[in-house]
Amino acid sequence: MAFVRAILSAYQAVGMSPAGALQAAQITPAMAKQAHGRITAVQMEALSAHAMQELQDESLGWSRRPLPWGSYGMLIRASLSAPTLGVALKRWCRHHGLICDNVALRLETEGQGDSASIVLEMREPLVADLEFCTISLLRNLHGVACWLIDSRLGLHSAEFPFPAPPHADVYPLLFPGPIVFASAHHAGPQTARLRLDKRYLDLPLRRDEKALRQMLQRALPLTVLPYRRDRLLVRQVRQALLQHAQDTHNAQALAQLLHLSVRTLHRQLKEEGTSLQALKDEVRHEHAKELLQRSHKPIKQVAAAVGFMNEKSFIRAFKAWTGLTPAAFRVDKLGP
């Protein structure tokens with residue numbers, strides 16, 4: 001309900017009544033005052049859509065100058081012809097600066113290892129609600145990015161320049177990854193950041209003008225509803241199995257490492273045409289062959305390195321993969 005009150009503040013700032021917007025979302029004035037009240041995604045969509053059109057401001061009060069209805073649709077259209085998500089995000093950030101000059105967006109890719117960052121920086125103190133501005137703008141951009149590549153876009157982290165609010169438990173529903181708030185005593189500059197796997201930036205866009213027209217008829221669900229499919233998940237699972245072999249013996253441990261539920265992990269892998277066991281076998285097989293060919297580690301150490309609990313189960317699995325025991329494979333490749 002804190003987000004509802006932020007929208008009501010936009011009405012108050014221009015001397016307009018929010019009665020129509022509240023009615024459209026089936027929220028009473030008394031409900032809006034509830035300190036720990038909650039609303040549904042459908043109510044948030046109805047409230048936001050009504051307010052944006054009635055106020056003629058898609059920023060709902062946090063931009064120095066109102067952003068007329070259709071502003072964000074224009075930004076998507078300007079990014080739609082980009083060959084990859086990275087190019088589309090750079091266009092979005094650059095064009096957003098043309099219509100809103102008190103909030104800066106940029107994409108950072110240099111010097112961050114396997115991560116990239118979408119950075120939101122306040123160029124001046126906000127008169128409006130800092131939290132509402134930050135989450136609405138970043139969740140909108142994150143939702144559009146997911147839509148452009150037709151994929152869930154997991155986050156390494158979502159970092160905010162303010163202390164955890166009373167409703168902090170809502171944030172994992174909006175940003176799929178670890179949430180980091182500023183310390184109550186050490187709030188930093190008004191800069192927020194979404195860290196993501198840099199490989200998402202190389203994914204091609206999967207939308208066209210027709211899809212855009214259909215989406216814009218009901219665009220606001222992008223800001224509150226997560227995607228299920230993750231087009232990088234198979235690669236992320238392979239990487240996790242390879243780099244954390246001893247910590248990913250079961251689906252629960254792997255899912256926790258990837259910030260997913262076990263059910264979601266299995267479902268998404270099935271949607272991508274594979275399974276966790278198949279990926280485990282593939283990664284372990286390739287890693288085991290590499291260790292047997294390029295090192296003189298004892299078979300027991302090779303088994304542990306590729307994620308097996310004991311040597312016997314490793315030998316049994318390796319023989320099923322190759323028709324040879326690990327020792328026989330090593331002799332065959334390296335000689336006696």
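The values are calculated or read from the model by the stated rules, or taken from the named source; none is laboratory data. Owing to the predicted nature of the structure, the values given are computational and were not obtained by experimental measurement. Cβ coordinates were reconstructed from backbone atoms using ideal geometry, including for glycine residues, and neighbour counts include every protein chain displayed.
For the stretch 54-82, the set of residues classified as more than 25 Å from Arg193 (Cβ to Cβ), assigned to a loop (DSSP other than H, G, I, E, B) and under 23 Å from the mean Cα position of the chain (by Cα) consists of Leu80, Ser81, listed by residue number.
Of all the listed residues (Gly143, Gly177), the sole one being surrounded by fewer than 21 Cβ atoms within 10 Å (Cβ to Cβ), within 9 Å of the chain's Cα centre (by Cα) and not assigned by TED's automatic domain parsing to the domain that holds Ser261 is Gly177.
Table: residues versus (1) over 18 Å from Ile135 (Cα atoms); (2) among the charged types (D, E, K, R); (3) at pLDDT 95 or above.
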{"site": "Ala2", "(1), (2), (3)": "no, no, no"}
{"site": "Val14", "(1), (2), (3)": "yes, no, no"}
{"site": "Ala19", "(1), (2), (3)": "yes, no, yes"}
{"site": "Ile27", "(1), (2), (3)": "yes, no, yes"}
{"site": "Thr40", "(1), (2), (3)": "no, no, no"}
{"site": "Gln43", "(1), (2), (3)": "no, no, no"}
{"site": "Ser48", "(1), (2), (3)": "no, no, no"}
{"site": "Ser63", "(1), (2), (3)": "no, no, no"}
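The number of residues in the stretch 29-73 that are more than 16 Å from Ser136 (Cα to Cα), of a type in the set (S, T, N, Q) and crowded, with 17+ Cβ neighbours inside 10 Å comes to 0. For the residues Leu120, Leu138, the requirement of being under 18 Å from Ser59 (Cβ atoms), in the same structural domain as Phe175 (by TED's automatic domain parsing) and outside any helix (DSSP H, G or I) singles out Leu120. Inside the stretch 74-94, residues that are buried (at least 18 other Cβ atoms within 10 Å of the Cβ) and farther than 21 Å from Asp202 by Cβ make up a count of 1. Name the residues in the stretch 279-296 that are without any contact (Cβ under 8 Å) to a residue 12 or more places away in the chain and under 35 Å from the mean Cα position of the chain (by Cα), would you? Of everything in the stretch 279-296, those that are without any contact (Cβ under 8 Å) to a residue 12 or more places away in the chain and under 35 Å from the mean Cα position of the chain (by Cα) turn out to be Glu286, Glu290.
Going through (1) surrounded by 14 or more Cβ atoms within 10 Å (Cβ to Cβ); (2) assigned to a loop (DSSP other than H, G, I, E, B); (3) touching a residue at least 60 places away in the same chain (Cβ under 8 Å) one by one, Leu212 falls short only on (2).
Could you check the stretch 252-283 and list, in sequence order, the residues that are small (Gly, Ala, Ser) and more than 25 Å from Thr322 (Cα to Cα)?
Ala253, Ala255, Ser261
Only one of the numbered conditions (1) touching a helix residue (DSSP H, G or I) at 6+ places or on another chain (Cβ under 9 Å); (2) within 27 Å of Arg206 (Cα to Cα); (3) surrounded by fewer than 20 Cβ atoms within 10 Å (Cβ to Cβ); (4) touching a residue at least 60 places away in the same chain (Cβ under 8 Å) is violated by Ala2, and that is (2).
Checking every residue in the stretch 126-139 against the condition of being surrounded by 21 or more Cβ atoms within 10 Å (Cβ to Cβ), in contact with a Gly (Cβ under 9 Å, 6 or more places away or on another chain) and free of Cβ contacts under 8 Å to residues at least 40 places away in the same chain gives zero matches. State yes or no: is Arg213 assigned by TED's automatic domain parsing to the domain that holds Ser81, at pLDDT below 90 and among the basic types (Lys, Arg)? Against the criterion (assigned by TED's automatic domain parsing to the domain that holds Ser81, at pLDDT below 90 and among the basic types (Lys, Arg)), Arg213 qualifies.
Residues checked against (1) assigned by TED's automatic domain parsing to the domain that holds Leu212; (2) within 17 Å of Gly97 (Cβ to Cβ); (3) touching a Pro at 6+ places or on another chain (Cβ under 7 Å); (4) acidic (Asp, Glu):
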position: Gly37; (1), (2), (3), (4): no, no, no, no
position: Thr40; (1), (2), (3), (4): no, no, no, no
position: Gly61; (1), (2), (3), (4): yes, no, no, no
position: Pro66; (1), (2), (3), (4): yes, yes, no, no
position: Trp69; (1), (2), (3), (4): yes, no, no, no
position: Tyr72; (1), (2), (3), (4): yes, yes, no, no
position: Ile76; (1), (2), (3), (4): yes, yes, no, no
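Given the criteria within 20 Å of Leu89 (Cα to Cα), touching a residue at least 24 places away in the same chain (Cβ under 8 Å) and surrounded by 15 or more Cβ atoms within 10 Å (Cβ to Cβ), does Asp230 qualify? Considered against the rule, which asks whether it is within 20 Å of Leu89 (Cα to Cα), touching a residue at least 24 places away in the same chain (Cβ under 8 Å) and surrounded by 15 or more Cβ atoms within 10 Å (Cβ to Cβ), Asp230 comes out as yes.
Here the stretch 297-308 is the region considered, the condition is being more than 33 Å from the chain's Cα centre (by Cα) and outside any helix (DSSP H, G or I), and the residue that is surrounded by the most Cβ atoms within 10 Å (Cβ to Cβ) is Lys297. The set of residues in the stretch 237-256 that are in a helix (DSSP H, G or I), surrounded by 13 or more Cβ atoms within 10 Å (Cβ to Cβ) and modelled with pLDDT under 85 comprises Leu242, Ala245, Asp247.
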